[in-house]
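Note sheet for the following structure.
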Amino acid sequence: MSIDAEPVPGTAAGGTGGASAPPAIALIGIDKRFGTVHANRDVSVDIARGTVHGIVGENGAGKSTLMSILYGFYQADRGEIRVNGQPCRIGRPEDALAAGIGMVHQHFMLVDPFTVLENVLLGREGGARLSGGLADARATLERLAREHALEVDLDTPVGALPVGLQQRVEILKALYRGAEILILDEPTGVLTPQEADHLFHILRSLRDQGRTIVLITHKLREIMAITDAVTVMRRGAVVATVPTAETDRDALAELMVGRKVLLRVDKTPAKPGPVLLDVAGLSVADGRGAARVKEVSFQVRRGEILAIAGVSGNGQSELMAAIAGIRHPTAGRLAIAGRPIARTADAHDTRRLGIAHVPEDRQREGLVTSFEANECAILGYHDDPAYNGPVLMHHRAIVADCVAKMQDYDVRPCNAHLPGGNFSGGNQQKLIVAREIERDPDLLIVGQPTRGVDIGAIEFIHQRLIALRDRGKAILLVSVELDEVMSLADRILVMFDGRIVGEIAAADADERTLGLMMAGIAPEAPPPGRPPAPLAKSA
Amino acid sequence: MNRDLPRWADWGLIPALNLALAFAVSGLVMLAVGESPLEAVYWIWVGAVGDGSAIYPHGESIGQTLYFTTYFIFTGLAVAVAFHCGLFNIGGEGQAYIGGLGVGLVCLYLDFLPFILILPAAILAGALFGGAWAFVPGYLQAKRGSHIVITTIMFNFIASSLMIYLLVNVLIEPGQQSPASRAFAEHARMPTIQDAFGWTGIDLGLSDLNLSFLWAIAACVFVWVFIWHTRWGYEIRTVGQNERAAVYAGISPARNIILAMVVSGALAGFVGLNAVMGDHHRLLRDFVLGYGFAGIAVSLMGRNHPVGVVLAALLFGALYQGGFVLDVEMDNVTRELVVVVQGLVILFAGALEHMFRPTIARWFARPAAAAVP
């Protein structure tokens, strides 16, 4: 592969890359295995200069591995990387930076107590004394910020900034190091729709200046909104690279999964029954004692799905933890079916009251990755008499029970002795959902039920949740995915800064209204005949 | 425990490599003092299993090796149980010492009872005293967040001081200079295996191997059942593997940390049965000769599983017994040098347990990658 004719160095083309110019990045025949897992199979992708190139795929399709190889975290077993037509060996992230490739990670790599300026300077301090480097950096950053609407106060400690701004710091950091090619890994996961729109605006501006953007995402909406071309990956291989203008969401979803999928949830209108969960004036503090939920009151009825929407980190997690008995409230009352839940109740007590819980973080909370599937399938119910004798556990009954759940919920592979961590995200989630729903709870609390779950499993999990609702059970859903909230819920509450800032019937909800509520801007009904008042700038 | 390695490599290859390296370095030490490493290996072997001569008969040597093995089974299991709860119990030494105190008190003051009642009372006392000594660090970890490694180390010193105080001021045999209690009554001593099973025709000579060995094997079965086949073991393992998942499941980390430490301390406390009731037949100073610390290496080498613990304990038992013979038979090898060799095994098998792991994991990853057509 190295005897190719030397490509003619093309001039940097603005807008979409010219046909004659070499691609900004050419990945040729990349192959990578981890033990028995074939993470990338002979992957070849050309990313044209001056474009936004999307990479989509289900969890475990190999997109993150591919980008980690490009950024030098991993070495490919075989294959070649060319940057601007030149073969390039990227053994470490430093090599990637030297080749002009920058990365904005899903989890920010920032030092919280340092100011924005100091963070950007990390690794580029330039000499023993900081002052010279700092002045240069300040000038450069101010220019970059002006050019791309990336304004951030350079002297604020990063920890004091909202996540949307922290992300800008990450982008500035990459640009400051001279990145011509920017990789963004699931950048909108923590943003409101408005913040995401602003990010896209920045990305377009960068592209128009000739920079190349690689966007890794699982959200097809974003692919359609911003990319010029899109590569679809499935099971480690590239299944298609198409210009975005020539495809649509349904076609991409089908490519990702390999079959037709239903993106909307089919459900009948809810038939809400009597109140099941009553939350009154509930306040919850986090581990450091800071109030995260502030005097929240609401009710959930039998036969309805109540969703709590909001940007992550606005108290939803603590609210769920309090109802599930994981965190003790500092004030307020909780009652289920008229019976009060003691403030000191733990998760064991709440389970006995008929509350089941599918946690937000299934890897670290919902199961023990080193436990066999059958042990994961009894977590929280391990002292059930059906699983125990006076002393010994009934291992055979536990395994049989697990196999039955795995068959019923299509968990693959159907092996009750495989460690929980060896299942894919979707199958882990199906196992947890099976464990919680099969106890026939009165109330099911579900956090991010489909985060990092492949499309096929999303469909399945949604159907099971709706079936549970139709059996007259109550479901409290917390999700940052607005699509999911709008299609699954019957009623939506929006949380901002620990408070419920609005309620809306799912039928009346749209992304814009929810987005404004999520940003803490109260949805005052505009007077008839006038357009909505100009809105405050997004935070 | 590790998914990056096949089981046989994790259980066999890595311990073997660590051991080989420990022996290689020990060999260098032997060369440095002007002795032949091969001769040293020979004498350790003879010490551990005997050579059939009148001085080192097979039966007595093996009996003595198993006598030391008994110690390491108890302390290895103790470390393993705590480890399953994510706790590093460095206090086996002190828990064994205090457990021995409990055993000794029963043998001294309940000797009006027949042996058949003294035995369960001594077992119970060893467990209670050892467990109580581990309960305090466990409680401090669970409720106050005081780090278990620090507190258990400190409790070793407290145990040592407490024992000296008691031996010098309370338990000392009247009219004696040496800080030790009076000898136990004949019927308050643990019978040797030779005495109990001599009728079967086995010949263990004068070895110290006693019925505590059978109790150690029973303890292995108990730990296996407790950790993997009861809901209490399930809870302990959940807390050890993932504390957040435990809280999510309504399992109290605090309760299980305390429970695991008490069980761990009780197991360490059984060392007293072998040392005080089975061997010395009196309470005295320093009857725990580093067994608690070696238990860490035994547990790590045995992958925190009772079967592995027995195998690793056998190795350490052989090293201890072989070490005594080495000391006697080779001129330039002193008692201190034997401790150095034992220390090297603990160092490589315990503290440096993970030294080879990344390299070996890479070896196993590579053939898989190369096999791609």
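Read-outs: derived from the displayed coordinates by stated rules, not from any lab. Since this is a predicted model, take the numbers as computed values, not measurements. All Cβ positions, glycine included, derive from the backbone under ideal geometry; neighbour counts span all protein chains shown.
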Quick check: is even one residue across the stretch B:71-88 more than 30 Å from B:A246 (Cβ to Cβ) and in a loop (DSSP other than H, G, I, E, B)?
-> no
Which residues, counting only those in the stretch B:303-327, are in contact (Cβ under 8 Å) with a residue 24 or more places away in the chain and not hydrophobic (A, V, I, L, M, F, W, C)?
-> B:R303, B:N304, B:H305, B:P306, B:G308, B:G317, B:Y320, B:Q321, B:G322, B:G323
Search the stretch A:336-366 for residues being over 17 Å from A:M320 (Cβ atoms) and not in a loop (DSSP other than H, G, I, E, B), and hand back the single one that is nearest to the other protein chains (Cβ to nearest Cβ).
-> A:R352
Checked the stretch A:290-329 for anything in a loop (DSSP other than H, G, I, E, B) and within 20 Å of A:P162 (Cα to Cα); matches are A:A290, A:G310, A:V311, A:S312, A:G313, A:N314, A:G315
Filtering the stretch B:241-261 down to residues that are assigned to a helix (DSSP H, G or I) and crowded, with 24+ Cβ neighbours inside 10 Å yields B:A245, B:A246, B:Y248, B:N256, B:I257, B:A260, B:M261
Selected residue (only one of B:L284, B:L273 is over 30 Å from A:G420 (Cα atoms), touching a strand residue (DSSP E or B) at 6+ places or on another chain (Cβ under 9 Å) and among the aliphatic types (A, V, I, L, M)) | B:L273
Could you tell me whether A:T369 is β-branched (V, I, T), within 12 Å of chain B (Cβ to nearest Cβ) and not in a loop (DSSP other than H, G, I, E, B)?
-> no
Reported set for the stretch A:378-404 where residues are more than 9 Å from every other protein chain (Cβ to nearest Cβ) and either in contact with an Asp or Glu (Cβ under 7 Å, 6 or more places away or on another chain) or within 11 Å of B:Y234 (Cβ to Cβ) (or both) is A:I398
Report those helices (runs of 4 or more DSSP H) wholly inside the stretch B:92-177 carrying at least 3 residues which are closer than 26 Å to B:I257 by Cβ and β-branched (V, I, T).
-> B:148-169
Tell me which of these B:L289 doesn't satisfy, since it passes every other one: (1) buried (at least 20 other Cβ atoms within 10 Å of the Cβ); (2) away from chain A (no Cβ under 14 Å); (3) in a loop (DSSP other than H, G, I, E, B).
-> (1)
Within the stretch A:406-423, tally of residues that are part of a loop (DSSP other than H, G, I, E, B), more than 14 Å from chain B (Cβ to nearest Cβ) and over 13 Å from A:L367 (Cβ atoms) | 7
Only one residue in B:N242, B:N274 is in contact with a helix residue (DSSP H, G or I) (Cβ under 9 Å, 6 or more places away or on another chain) and either hydroxyl-bearing (S, T, Y) or within 14 Å of another protein chain (Cβ to nearest Cβ) (or both), so which one is that?
-> B:N242
Give the stretch A:64-102 a look and list any residue that's among the acidic types (D, E) and in a loop (DSSP other than H, G, I, E, B), or say none.
-> A:D77
Do we have B:T230 as of a type in the set (S, T, N, Q), within 14 Å of another protein chain (Cβ to nearest Cβ), free of Cβ contacts under 8 Å to residues at least 24 places away in the same chain and surrounded by 24 or more Cβ atoms within 10 Å (Cβ to Cβ) here?
-> no
